[in-house]
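See structure below.
The values are calculated or read from the model by the stated rules, or taken from the named source; none is laboratory data. Just so you know, these numbers come straight off a predicted model, no measurement behind them. Note that we place each Cβ from the backbone using ideal geometry, even for glycine, and neighbour counts take in every protein chain shown. SASA here: full protein model, heavy atoms, side chains in, ligands and nucleic acids out. Shrake-Rupley method; radii C 1.70, N 1.55, O 1.52, S 1.80 Å.
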Amino acid sequence: MENRRWFAAAAASLGMLALILDSRTAFSGGAQGVALCIKTVIPALFPFLFLSGIFTAAFRGSNGFLLGFLGKLFLLPPSLSFLLVPAFLGGYPIGAQCLSQLCRSGLLEKKQAERMLCFCSNVGPAFIFGILSLKFDRKWLVWTVWLIQILSAWTAARFFLAPGIQEPAVSAEKSEAHPRAGIESAIGAMLKICGWVILFRVMIEFLDKWAFYAVPQTWRVALIGFIELSNGCCSLNLIPQEGLRFVICNVILAFGGLCVAYQTGSVCPGMKLGCYYAGKVFQAAIALLLSLGIYYRFWLVLPLWLLATLLLPKCLQKRVEIPREVMYNGYKKNGGMSYAVSQKD
């Protein structure tokens with residue numbers, strides 16, 4: 001713990017020194033971050049943040065009959081299947097914020113909410129069709145990008161949630177979806193998200209000036225995307241090969257970037273993000289596999305992926321746990337010693 005504190009203090013000191021010695025780069029990065037928030041992040045996310053809060057409050061305690069079938073595909077109980085709407089339509093990190101709201105309300109256990117982070121926070125269609133539509137000449141590729149993101153999240157849910165999320169033991173009462181509460185929550189979350197976007201934009205500006213100038217263009221775009229998603233996607237047109245652009249786009253969208261990870265931590269206070277990171281790395285690997293199979297026509301990859309996704313949860317459901325204590329003719333054997341079992345046992 002003490003080493004972490006010294007490391008954080010040293011990193012902060014170096015950061016302040018860089019801001020002083022190269023203030024022009026810092027101002028430039030900060031201005032670009034503010035412009036990115038005003039032109040892209042706030043218009044794309046703020047309405048969804050507000051509406052997702054209202055949506056979550058309205059469906060809290062309902063049986064989720066409209067999305068029951070899709071919930072089964074994602075190994076979710078009917079009462080939690082409505083989370084698929086903000087998870088896939090809201091964009092980063094709205095699905096995670098809805099999970100946090102359910103956790104704070106007592107409807108969802110903390111451990112279950114942490115497990116569901118592996119797939120419940122994804123890029124939204126507003127971001128995909130608003131930014132990526134200009135990055136590909138063939139428009140069907142943009143629709144394919146969205147499909148791959150959904151399929152990679154579905155695969156992560158099947159792998160990480162098997163044998164499934166249990167029905168909440170505590171039934172939450174339906175609460176009134178008041179717009180005032182929704183707007184206050186949305187403003188608070190939006191401020192946190194914009195703060196991280198501006199900070200990471202400044203970081204990228206310094207890295208671009210002092211480190212990334214020697215990196216090949218394709219790797220530079222990928223690295224920026226892994227650090228901050230929006231900047232990476234805006235730089236995709238610097239990759240001349242459409243196939244490589246398609247693959248890198250899918251991978252960085254599925255991973256989300258470090259900036260989105262910190263945004264997720266901001267809207268999910270008190271929740272551990274281990275499953276979130278594991279799920280994002282897994283989704284990136286699945287997106288890489290699917291994008292290579294679709295664009296370069298490695299058709300054998302697709303049935304193998306589908307077969308593994310459908311069958312693995314069933315195999316995990318049939319796991320048999322071996323008891324720690326083994327019985328031998330009325331005797332318990334523990335650690336190489338046997339002793340008689342009394343009537344009380």
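Side notes on the structure shown:
- Residue within the stretch 276-294 that is in a loop (DSSP other than H, G, I, E, B) and either modelled with pLDDT under 95 or farther than 23 Å from Leu147 by Cα (or both) present: no
- Selection from the stretch 237-247 of residues that are open to solvent by 20 Å² or more (accessible area, probe 1.4 Å) and either touching a residue at least 24 places away in the same chain (Cβ under 8 Å) or touching a Ser or Thr at 6+ places or on another chain (Cβ under 7 Å) (or both): Asn237, Glu242, Leu244, Arg245
- Taken over the stretch 201-220, the criterion of being open to solvent by less than 30 Å² (accessible area, probe 1.4 Å) and either of a type in the set (S, T, N, Q) or within 25 Å of the chain's Cα centre (by Cα) (or both) is satisfied by Arg201, Val202, Ile204.
- In the set (1) without any contact (Cβ under 8 Å) to a residue 12 or more places away in the chain; (2) within 20 Å of Ser185 (Cα to Cα), Ser52 fails one condition alone, (1).
- Among the residues of the stretch 272-283, those that are over 19 Å from Val142 (Cβ atoms) and not hydroxyl-bearing (Ser, Thr, Tyr) comprise Lys272, Leu273, Gly274, Cys275, Ala278, Gly279, Lys280, Val281, Phe282.
- Applying the set (1) surrounded by fewer than 22 Cβ atoms within 10 Å (Cβ to Cβ); (2) at pLDDT 85 or above to Ala58 leaves exactly one unmet item: (2).
- Restricting attention to the stretch 225-275, the residues that are more than 22 Å from Trp154 (Cα to Cα), among the polar types (S, T, N, Q) and either modelled with pLDDT of 95 or more or not in a helix (DSSP H, G or I) (or both) add up to 2.
- In the stretch 221-236, the residues that are of a type outside the set (A, V, I, L, M) and either open to solvent by less than 40 Å² (accessible area, probe 1.4 Å) or closer than 16 Å to Gly91 by Cβ (or both): Gly225, Glu228, Ser230, Asn231, Gly232, Cys233, Cys234, Ser235
- Where Ile198 falls short, out of the listed (1) free of Cβ contacts under 8 Å to residues at least 40 places away in the same chain; (2) open to solvent by 40 Å² or more (accessible area, probe 1.4 Å): (1)
- Close pairs from the stretch 119-144: first without any contact (Cβ under 8 Å) to a residue 40 or more places away in the chain and open to solvent by 50 Å² or more (accessible area, probe 1.4 Å), partner among the hydrophobic types (A, V, I, L, M, F, W, C) and assigned to a helix (DSSP H, G or I), Cβ under 7 Å, at least 6 apart: Phe129/Val142
- Selection of first residues in the stretch 203-221 that are within 14 Å of Leu238 (Cα to Cα) and modelled with pLDDT of 90 or more and of second residues that are among the hydroxyl-bearing types (Ser, Thr, Tyr) and open to solvent by less than 50 Å² (accessible area, probe 1.4 Å), restricted to Cβ pairs under 8 Å at least 6 apart or on distinct chains, gives the following pairs, ordered by first then second residue: Arg220/Ser235; Val221/Ser235.
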